[in-house]
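J.: For reference, the structure I am asking about is given below.
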Amino acid sequence: MDIEFSPQKLNKIFNKVKDKRIAIIGDVMLDKYVYGEVSRISPEAPVQVVDINNVEYKLGGAANVANNVKTLEAEPILIGLVGNDFDGDVFIETMKEHRLSTVGIFKDKARPTTSKTRVIAHSQHIIRIDSEIKQDADEKVSVKILNFLKRHLKSFEAVILQDYNKGILSTEMICKVIAMCKQAKIPVYVDPKFDNFFEYKDVTIFKPNRKEIQDAMGIRIHDEEDAEAAGVQLIEKINCEWLVLTRGEKGMMLFDKDKDNIIIHNIPTKAIKVADVSGAGDTVISTLAVALCGGANIKEAIILANHAAGLVCEEVGIVPIFKKNLIESFNSKG
């Protein structure tokens, strides 16, 4: 798929999204990075003792999607749950530091804030400690979320459903949100996970990765032919308008349902040197949503998203894509 982007065209797309609101509903997380040094073994057990030098807090899960939408200069409204705990307070403060609205963040005292603590010493990742509850969110809190969405829905250009199987996107929540958006004629873009994979019917974009399709469909994708067959079967099953399959170092596939035909486009990766694929999926769904809100067609949007994913994969750790960097990367390639 060969599409040229002039500086004028790119600026037109991204200038158009300024002040446009995109809702992100999903599982929010606090990523904690504990940096330190190891110089001894504990006398209590045969484990290393880490002397902490620094602690960093970053936005994870659906919050990372919101941050990507923000750095692409649209206006994200993140809708999710945190616990009534220290991590929840830190999460909200971290959002404020990134100039993200917290109006859609609800507290649930019955569950902890989902957090991932990574301990790193001498540039080595020693251990990760997770704190989470995966059961469906309390019904009263879910009602609050749905009421919030209902009140603000007409102000949104699009809705992203970002699922990490941590409880906010229950089967009932998914069905109600899609029905509300369909009635209001607002596009829905989905980044799914295993548990409710086939509940996301009739959405605008469905964006699984290769592992998610394999796990959900009970198949193995060995080559391009397998990927095409799986994509065709899946788009028919969930009846989405577009299916975007991300394939890591092999790039992406776009399945475009055009009347009775399914047109398949293969887009090779743009990463020059892959350092870390963490967060690339978040970048893809964010860029797709922003580009489409800016007037790009689906082919243009997926080229932009593929390019954005390639840029963040060249960085270590979870980093957002910035509008300036994305535009400059196209300009530098001529």
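J.: Quick one: what are the phi-derived ³J(HN,Hα) couplings along region 114-122, Karplus 6.51/-1.76/1.60 with θ = phi - 60°, whole Hz, x for glycine and proline?
T.: The phi angles translate into 5, 9, 10, 9, 10, 9, 10, 10, 6 Hz.
J.: May I ask you to sort Arg247, Arg128, Arg99 by Cβ crowding, counting other Cβ atoms within 10 Å and putting the fewest first?
T.: Arg99, Arg128, Arg247
J.: Take the alpha carbon atoms of region 85-116, find their center, do the same for region 298-327, and report the distance between the two centers in whole angstrom.
T.: Spelled out, the Cα-based centre of one part sits 26 Å from the other.
J.: Between Ser39, Ser123, Ser131, which gets the highest mean-square fluctuation from a Gaussian network model of the chain, Cα cutoff 10 Å?
T.: Maximum among the listed residues: Ser39.
J.: Shifting gears a bit: What is the set of long-range amide H partners of Asp108 at a cut-off below 5 Å, with H atoms built 1.01 Å from backbone N?
T.: Val82, Gly83, Asn84
J.: Among DSSP beta bridges whose residues both lie in the chain, state the antiparallel percentage, nearest 5.
T.: In the chain, DSSP labels about 50 percent of beta bridges as antiparallel.
J.: Ok, one more. How tilted is helix 280-293 with respect to the longest principal axis of the chain? Cα atoms for both, answer in degrees (0 to 90, nearest 10).
T.: 40 degrees
J.: When the Karplus curve 6.51 cos²θ - 1.76 cosθ + 1.60 is applied with θ = phi - 60°, which whole-Hz ³J(HN,Hα) does each residue of region 69-85 get, with x for Gly and Pro?
T.: Once θ is set to phi - 60°, the couplings for region 69-85 become 4, 5, 6, 8, 6, 8, 10, x, 10, 7, 10, x, 10, 10, x, 8, 8 Hz.
J.: Now for a separate question. With charges set only on the Cβ (+1 for Lys and Arg, -1 for Asp and Glu), what does the dipole of region 149-259 come to about its Cα centre, in debye to the nearest 20?
T.: 660 debye
J.: What is the dipole size for region 1-149, taken about its Cα centre, with +1 at each Lys and Arg Cβ and -1 at each Asp and Glu Cβ, in debye to the nearest 20?
T.: Taking the Cα centre of region 1-149 as origin, the dipole is about 540 debye.
J.: Now a separate question. Taking only Cα atoms and a 10 Å spring cutoff, compute GNM fluctuations for the chain and point out the largest among Ile321, Ile303, Ile186.
T.: Ile186
J.: Taking only Cα atoms, what is the 0 to 90° angle, nearest 10, from helix 224-238's long axis to the longest principal axis of the chain?
T.: The helix 224-238 is inclined about 80 degrees to the chain.
J.: Once phi is turned into θ = phi - 60°, what whole-Hz ³J(HN,Hα) does the Karplus curve with 6.51, -1.76 and 1.60 give for every residue of region 51-64, x standing for Gly and Pro?
T.: 8, 6, 9, 7, 10, 10, 10, 9, 7, x, x, 4, 5, 5
J.: Between the alpha-carbon centers of region 117-177 and region 9-65, tell me the distance in whole angstrom.
T.: Result: 16 Å between the Cα centres.
J.: Still on this structure: Using +1 at the C-beta of Lys and Arg and -1 at the C-beta of Asp and Glu, which of Asn84, Leu234, Val143 has the Cα lying farthest in the positive direction of the dipole of the chain?
T.: Val143
J.: Which of the lysines could a cross-linker span from Lys109 if the Cα-Cα distance has to be under 16 Å and same-chain partners fewer than 8 positions apart are dropped?
T.: Those lysines meeting the cut-off are Lys134, Lys140, Lys144, Lys166.
J.: What percent does the relative contact order of the chain come to when contacts are Cα pairs within less than 8 Å and at least six residues apart?
T.: 18 percent
J.: Right, another one. Picking from Ala289, Ala62, Ala227, which is most flexible by a Gaussian network model of the chain using Cα springs under 10 Å?
T.: Largest GNM mean-square fluctuation: Ala227.
J.: Indicate, rounded to the nearest 5 percent, the antiparallel portion of the DSSP beta bridges found entirely in region 1-112.
T.: Approximately 55 percent, going by the DSSP bridge assignments.
J.: What ranking do Ile264, Ile205 get, fewest neighbouring Cβ atoms within 10 angstrom at the top?
T.: By the 10 Å Cβ count, ascending, the order reads Ile264, Ile205.
J.: Can you give me the angle between helix 86-97 and the longest principal axis of the chain, using Cα atoms only, in degrees from 0 to 90, rounded to the nearest 10?
T.: Roughly 50 degrees, rounded to the nearest 10.
J.: Also, quick follow-up: For Met29, Met252, Met217, what ranking results if the residue with the fewest other Cβ atoms within 10 Å of its Cβ goes first?
T.: Least crowded to most crowded, the residues run Met217, Met252, Met29.
J.: Which trypsin sites (Lys or Arg not before Pro) in region 175-214 pass both tests, a DSSP loop state and at most 11 other beta-carbon atoms within 10 Å?
T.: Of the trypsin sites (Lys or Arg not before Pro), the ones in loops of region 175-214 whose Cβ has at most 11 other Cβ atoms within 10 Å are Lys185.
J.: Right, next: Give the residue list of GluC sites (Glu not before Pro) in region 30-104 that are DSSP loop and have at most 16 other beta-carbon atoms within 10 angstrom.
T.: Answer in residue order: Glu44.
J.: Let me know the charge dipole size of the chain about its Cα centre in debye, to the nearest 20, where only the beta-carbon of Lys, Arg (+1) and Asp, Glu (-1) is charged.
T.: Charge dipole, the chain, about its Cα centre: 1040 debye, nearest 20.
Read the figures in this text as sums done on the coordinates, not as results from a lab. Keep in mind that what you see is a predicted model, and the values were worked out from it rather than measured. Glycine also receives a Cβ, built like all others from the backbone with ideal geometry; neighbour counts cover every protein chain displayed.
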